[in-house]
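Asker: The structure is given below, and queries will be raised subsequently.
What follows is calculated from the coordinates using simple rules that are stated; it is not laboratory data. This is a predicted model, so every value here is computed, not measured. Note: ideal-geometry Cβ built from the backbone for every residue, glycine included; neighbour counts use all protein chains shown.
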Amino acid sequence: MSACLILAIESSCDETAASVVRDGREVLSNTIYSQIDLHTLYGGVVPEIASRKHIDKINYVIETALKEAGVTLDDINVVAVTYGPGLVGPLLVGLSAAKAIAWAKNKPLVGVNHIMGHISANYLEHPELEPAFGSLVVSGGHTHLINVNSYTSVEVIGRTYDDAAGEAFDKVARAIGLGYPGGPKIDKAAKEGNPKAIDFPRGKVDGSEYDFSFSGLKSAVLNYLNKAAMKNEEISIPDVAASFQAAVVDVLVDRAVRCVREYNMKSFALAGGVASNSALRASLEEAMKKEGVKFYVPSPILCTDNAAMIGAAGYYAYMDGKRDDLGLNAIANLRL
């Protein structure tokens with residue numbers, strides 16, 4: 001059987017990305033245009049600005065990805081594209097490009113769930129990883145604890161009830177003056193701080209041992225900052241960052257370890273933008289080692305939003321028989 005080349009497109013938030021992936025495992029190209037510098041001016045992603053920039057860059061990233069892979073659109077077997085969850089305007093830009101190519105070149109179209117993409121990023125760097133395994137997906141908009149039953153079938157064991165972990169990072173970073181994007185900036189500041197300096201709460205959801213809640217923690221940080229301001233007390237930004245980060249990491253690792261034990265998992269994969277966080281990577285790796293569980297995490301470039309992960313997920317969906325017609329629409333709140 002000849003190789004299957006996937007052209008993948010990702011535009012769910014503020015990265016315009018295209019990639020060519022062979023057989024769901026080999027990345028031939030991975031082009032990403034990031035808008036972070038643009039949105040930093042506003043302290044967060046502005047959907048209208050993101051959509052306009054995606055329109056500007058979508059053809060460029062597709063052409064670049066094809067060129068770097070040394071292929072043409074005629075060589076491509078399948079077009080895969082993120083159709084949710086995400087910001088509806090940005091999603092529609094990627095979808096429109098993917099549908100135009102699929103129609104013009106008479107290629108199969110496969111819509112991909114963005115969260116499945118994050119999980120699938122692990123397949124690109126770990127050839128031995130195959131389902132079933134557990135996964136923790138942590139990003140700006142999502143916190144999911146998942147049982148990956150097969151390449152295309154998953155069971156959500158736990159999810160966030162309010163703020164996602166990445167969203168909490170952004171809000172706390174803004175509150176302590178670090179700015180956007182919050183995740184990398186808090187990670188950097190925390191390295192200079194004491195994670196035990198401030199006893200921030202570890203959020204729980206009553207009657208739901210695997211679900212997450214970070215809004216209480218975010219509020220606790222804001223209350224701490226407000227009280228310090230009222231008393232005219234100086235705060236240590238590194239200590240606040242380290243203590244907040246420790247509270248998030250403790251909760252994520254605790255739920256993951258419980259899940260591994262109850263479901264008797266032998267492998268566990270971390271994924272999503274917050275998977276780049278050095279404290280989370282180190283703590284989860286250590287915890288899984290103690291449990292005797294094989295631990296997987298992608299390189300930081302594959303943790304952030306990218307199209308290679310969409311190509312991996314798209315390949316397995318295609319091999320499982322998934323095909324979408326040109327009526328495929330963006331679903332901003334698409335669930336697993």
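Asker: For TRP103 and SER153, compute 0.36 nm times the residue count separating them, minus their Cα-Cα distance, and round to one decimal in nm. Mind showing how you got there, number by number?
Answerer: Details: separation 50, 0.36 × 50 = 18.00 nm, distance 2.79 nm.
15.2 nm is the gain from fully extending TRP103 to SER153.
Asker: State the antiparallel share, in %, of DSSP beta bridges confined to segment 131-298, rounding to the nearest 5. If you can, show how the numbers build up before the last one.
Answerer: Details: 12 of 20 bridges.
Here the share of antiparallel DSSP bridges comes out near 60 percent.
Asker: Order the peptides 47-58, 238-249 from the highest to the lowest mean number of other Cβ atoms within 10 Å of their residues.
Answerer: So the peptides 47-58, 238-249, ranked by packing, come out 238-249, 47-58.
Asker: Let me ask something additional. Run through the DSSP bridge list for segment 1-105 and note the antiparallel percent, rounded to the nearest 5. Each step should come with its number before you reach the end.
Answerer: On the way: 14 of 18 bridges.
Percentage antiparallel, nearest 5: 80.
Asker: Remind me, relative contact order of segment 131-298 in percent, using alpha carbon pairs under 8 angstrom and six or more residues apart? Don't skip to the answer; put the middle values down first.
Answerer: On the way: 322 pairs, mean separation 43.5, N = 168.
Value for segment 131-298: 26 percent.
Asker: A further question on this structure: Output the peptides 158-165, 6-13 sorted from most to least packed, where packing is the average of other Cβ atoms within 10 Å over each peptide's residues.
Answerer: 6-13, 158-165
Asker: Based solely on its DSSP helices, what 222 nm [θ] is calculated for the chain when runs of n ≥ 4 H residues each add -39,500 (n - 2.57) and the sum is averaged over all residues, nearest 500 deg cm²/dmol?
Answerer: About -14500 deg cm²/dmol.
Asker: Quick one: work out the % antiparallel among DSSP beta bridges in the chain, nearest 5.
Answerer: DSSP beta bridges in the chain are roughly 60 percent antiparallel.
Asker: Also: Where does the chain land on the Kirkwood hydrodynamic radius, alpha-carbon pairs, in angstrom?
Answerer: After inverting the mean inverse Cα-Cα distance, the result is 20.3 Å.
Asker: While we're here: Let me have the relative contact order for the chain, percent, based on Cα pairs under 8 Å that are six or more residues apart. Spell out each step's value before the answer.
Answerer: Details: 764 pairs, mean separation 84.3, N = 336.
Rounded, it is 25 percent for the chain.
Asker: Here is a further query. Please list the equivalent ellipsoid semi-axes of segment 131-298, computed as the square roots of five times the alpha-carbon gyration tensor eigenvalues, in descending order and whole angstrom. Could the numbers behind the result be given before it?
Answerer: Numbers: eigenvalues 173, 46, 37 Å².
The three semi-axes for segment 131-298 are 29, 15, 14 Å.
Asker: Relative to the longest principal Cα axis of the chain, at what angle does helix 114-125 sit, 0 to 90 degrees, rounded to 10?
Answerer: Helix 114-125 sits roughly 80 degrees off the main axis of the chain.
Asker: Please compute P(r) over all alpha-carbon pairs of segment 253-302, binned at 10 Å starting from zero, and give each bin as a whole-number percent.
Answerer: Histogram of Cα-Cα distances, whole percents per bin: 27, 57, 16, 0.
Asker: Roughly how tilted is helix 88-105, in degrees to the nearest 10 and between 0 and 90, from the longest Cα axis of the chain?
Answerer: 20
Asker: If the reach is capped at under 20 angstrom between alpha carbons, list the aspartates and glutamates near LYS227, excluding any in the same chain fewer than eight residues apart.
Answerer: ASP199, ASP239
Asker: If we count every other residue with Cβ under 12 angstrom of GLY86's Cβ, Lys/Arg +1 and Asp/Glu -1, where does the sum land?
Answerer: Spelling it out: positives minus negatives among the neighbours equals -4.
Asker: Could you tell me how far the Cα centroid of segment 80-155 sits from the Cα centroid of segment 265-336, in Å?
Answerer: Their Cα centres are 8 Å away from one another.
Asker: Could you pull out the pairs from LYS218/LYS289; LYS171/LYS196; LYS191/LYS290; LYS289/LYS322 whose alpha carbons sit more than 28 Å apart here?
Answerer: From LYS218/LYS289; LYS171/LYS196; LYS191/LYS290; LYS289/LYS322, over 28 Å: LYS218/LYS289; LYS289/LYS322.
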